[in-house]
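Here's the structure, in structure tokens; my notes come after.
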Amino acid sequence: MAGRVDIVEVGPRDGLQNEKGAIDTPSKLRLIEQLTQAGLRRIEATAFVSPKWVPQMADHDAVMRGIPKRPDVFYSALVPNEKGAQAAIQAGAQALAVFASASETFARRNTNCTIAESIQRFVPVLALADAAGLPVRGYVSCATDCPYEGEIAPDAVLTIARLLRQIGCNEIAVADTLGRGTPARVRAMLQTVLSDVPAHSIACHFHDTGGVALENVDVALDLGVRIFDSAAGGLGGCPYAPGAAGNLRTGLLVQHLTGRGFDLGLDLDRLAVAEDFARQLQTSANAIYR
Ligand code: HMG
Ligand code: MG
């Protein structure tokens, strides 16, 4: 299979947000630099969220400002509201990501509001991004399962994807937050979302608790999706999703996609260096849930 696939490296954000121990800012910057050197061109660097909610991302400003920006790399920031978007743009973020959920309970636990309220909070984020000329992706968490509500109906995912597109998100990242989606259920979910969202606007964000993330990648590839998230070293998890394991590991995804004929243009030796370092950070910091 030929053609282009984009990888969105989420290790510095999704990977590190869940680590309990302190990880210093220079180490985060070193990881981001190593990922850049490996050739990754979309890197979710940090989250401008409340430090009371996610202490590990409290140094978001120093991280975003500390990255030597390059014209060919998009360093993005996760933001929950206008306050976060303002700060991220001022710090030099080149793309933003907002995060909604297909589960009401998860929305409440993760962002202290209803799904509808979260969408309203994103409206000024999109306006700020538009004024700054930045792209915005919209996550739909719990796209197959919710840690509190169980299985999620595909229609609920489509509803949130539509809302995110209506307010201006250019990319929809459907997220298997818990990493428990089976290939059959991921296929059903994606087919439903694809009924109204073009494949080129969809990204898949798989955590890998169930060990079938690569099979889910194949399902998505077969349906035309060409953007995949992963984390160096397989770090990851969400403090508000107990039981969720790490994200699909970047090295594994790269190996798999290369085997399927995609040329990703990455330096595999340098990627291995970044993955080793990501694992060191993980070992030194004891994940909250694992
Ligand atoms: P809240 O407590 O309801 O909000 O939190 P608030 O407006 O009442 O503000 C409370 C305090 O937070 C105030 O400070 C605000 O200034 C401050 P205080 O006056 O008490 O000193 N605050 C902020 N500080 C920094 N940056 C901000 C910001 N906003 C308010 N942007 C809020 C609501 C949404 C802020 C909070 O719930 C929050 O930050 N949640 C983030 C949770 C989070 O980051 N979860 C992990 C990321 S999502 C994820 O991992 C899933 C994903 O990977 C996809 C998947 O796998 O599913 C993306
Ligand atoms: Mg995630």
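A short reminder: the numbers here are calculations on the coordinates, not readings from a lab. Small disclaimer: the values here were computed from a predicted structure and weren't measured. Don't worry about glycine lacking a Cβ; one is built from the backbone with ideal geometry, like all the others, and counts go over all protein chains shown.
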- line: Per the filter on segment 86-105, residues more than 8 Å from ligand 1 (Cβ to nearest atom) and hydrophobic (A, V, I, L, M, F, W, C) are 88, 89, 91, 93, 95, 96, 98, 100, 102
- prompt: Residues in segment 114-138 that are part of a strand (DSSP E or B) and either surrounded by fewer than 20 Cβ atoms within 10 Å (Cβ to Cβ) or out of contact with any Leu (no Cβ under 8 Å at 6 or more places or on another chain) (or both): how many?
  reply: 0
Restricting segment 205-216 to residues that are of a type outside the set (D, E, K, R) and within 15 Å of ligand 1 (Cβ to nearest atom), the residue that is nearest to residue 44 (Cα to Cα): 205
task: Considering only residues that are among the acidic types (Asp, Glu) and more than 10 Å from ligand 1 (Cβ to nearest atom), look in segment 117-164 and name the one that is farthest from residue 86 (Cα to Cα).
output: 151
- prompt: Can you name the condition, by its number, that residue 29 falls short on among (1) within 11 Å of ligand 1 (Cβ to nearest atom); (2) more than 20 Å from residue 135 (Cα to Cα)?
  reply: (1)
query: Residue check, residue 12 against (1) within 13 Å of ligand 1 (Cβ to nearest atom); (2) out of contact with any strand residue (DSSP E or B) (no Cβ under 7 Å at 6 or more places or on another chain), all met but one. Which one?
result: (2)
